[in-house]
Amino acid sequence: MTNQNILVTGGAGYIGSHACKALKAAGFVPVTYDNCSTGWQDAVKFGPFARGDLLDRQRLAEVFEEYQPAAVMHFAALSQVGESMREPGRYWRENVTGALNLVEAAVAANCLDFVFSSTCATYGDQDHVVLNEDSAQLPINAYGASKKAIEDILKDFAASDGLRHVIFRYFNVAGADPDAEVGELHQPETHLIPLLLDAVDGKREALTIFGTDYDTPDGTCIRDYVHVCDLVDAHVLGLNWLKDGGEDRVFNLGTGDGFSVREVVDQSSAVTNRAVPIVEGDRRPGDCTKLVSGSNRAVNELGWKPTRSNMETMIRDAWRWHQNTDGHYQK
Ligand code: UDP
């Protein structure tokens, strides 16, 4: 890799902005490609910004021509389970067609190293199965289905054009940059921890727990939370894996520890030293009962060393970001 430019789609978003910071620290130049539909121009702090849409093939070609990136990190996507159940067409169009356009532009520019952010939602609701990279992929929501389709696209272009790829299947991403330069902000917010912190400091009345009748010890859904900084560190390792000639590979990114919604609420109360107002509500369509990684492949093969992915640190970092910034970026 002589050129150090890395095209980061979604670099203005939550995970992409943290990835840009990590890439810069590792000596790369992160070039953000983002339409700012859900991301924030203010979050683009660590390299050039090329505004553009994945559905705009001409703009994609221009950006590959201008920056000649050595690799792509693809984060840009719609990523809300509930929304995907109400508006599946947008998920198929923006996630799948968008990714197809990106892959074709990359191949046309002979940029053949590709790191993709996929999701444990591709596994679906197999709560009695240990979820490792070889588990069946049986998504139960359009978000997971769209990400699985993109994984298939990458495999096909690997066969036809030699596209080399690392696929990361994330579990639940949480926390924020400990320096609070970047953090999590969605509008509207739908994710558990930021919503809960809003409820803690009175920005919303209460957190609604989506379902208390699941087949889990306390009746609420169980998830495996991973710190965003640990997650993006794995992406830099993935990039170097490809650079060093590693084979196409899928890695789960989770800790293997499951936390129920109520456990996250209790830990947040302990960290912030405040009560979390809660309301018990109905299940959210598309939610799996339990998603916990059962794999150490990223640790064993990539040398991934998560250091901040314990619940207390994740909530503490998210809370610092929430308080330091009042949670605001400008578009
Ligand atoms: N959740 C909840 N109330 C909320 C938002 C989320 O109870 O207002 C639950 C949700 O049902 C899931 C977990 O918290 O079990 C994590 O949801 P989130 O949307 O943060 O991430 P997802 O698991 O959908 O990727």
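Please treat every number below as a calculation from the coordinates, not as lab data. These numbers were taken from a predicted model, which means no experiment stands behind them. Please note: Cβ atoms are built from the backbone with ideal geometry, for glycine as well, and neighbour counts cover all protein chains shown.
Structure values in brief
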{"read-out": "Flag if ARG283 is farther than 30 Å from LYS24 by Cβ, surrounded by fewer than 22 Cβ atoms within 10 Å (Cβ to Cβ) and out of contact with any strand residue (DSSP E or B) (no Cβ under 7 Å at 6 or more places or on another chain)", "value": "no"}
{"read-out": "GLY89 vs. criteria surrounded by fewer than 16 Cβ atoms within 10 Å (Cβ to Cβ) and either more than 26 Å from PRO69 (Cβ to Cβ) or touching a Gly at 6+ places or on another chain (Cβ under 8 Å) (or both)", "value": "yes"}
{"read-out": "Of all residues in region 140-167 being touching a Gly at 6+ places or on another chain (Cβ under 7 Å) and buried (at least 23 other Cβ atoms within 10 Å of the Cβ), the one that is nearest to VAL299 (Cα to Cα)", "value": "VAL166"}
{"read-out": "Extreme residue, nearest to the ligand (Cβ to nearest atom), among residues of region 65-113 that are assigned to a strand (DSSP E or B) and of a type outside the set (A, V, I, L, M, F, W, C)", "value": "HIS74"}
{"read-out": "Selection within region 136-163 - of a type in the set (A, V, I, L, M, F, W, C), within 18 Å of PHE75 (Cα to Cα) and in contact with a strand residue (DSSP E or B) (Cβ under 7 Å, 6 or more places away or on another chain)", "value": "ILE150, LEU154, LEU163"}
{"read-out": "Selected residue (only one of ARG283, ARG262, ARG320, ARG316 is in a loop (DSSP other than H, G, I, E, B) and in contact (Cβ under 8 Å) with a residue 40 or more places away in the chain)", "value": "ARG283"}
{"read-out": "Subset of region 178-197 that is out of contact with any helix residue (DSSP H, G or I) (no Cβ under 8 Å at 6 or more places or on another chain) and over 26 Å from PHE46 (Cβ atoms) - its residue that is farthest from the ligand (Cβ to nearest atom)", "value": "PRO188"}
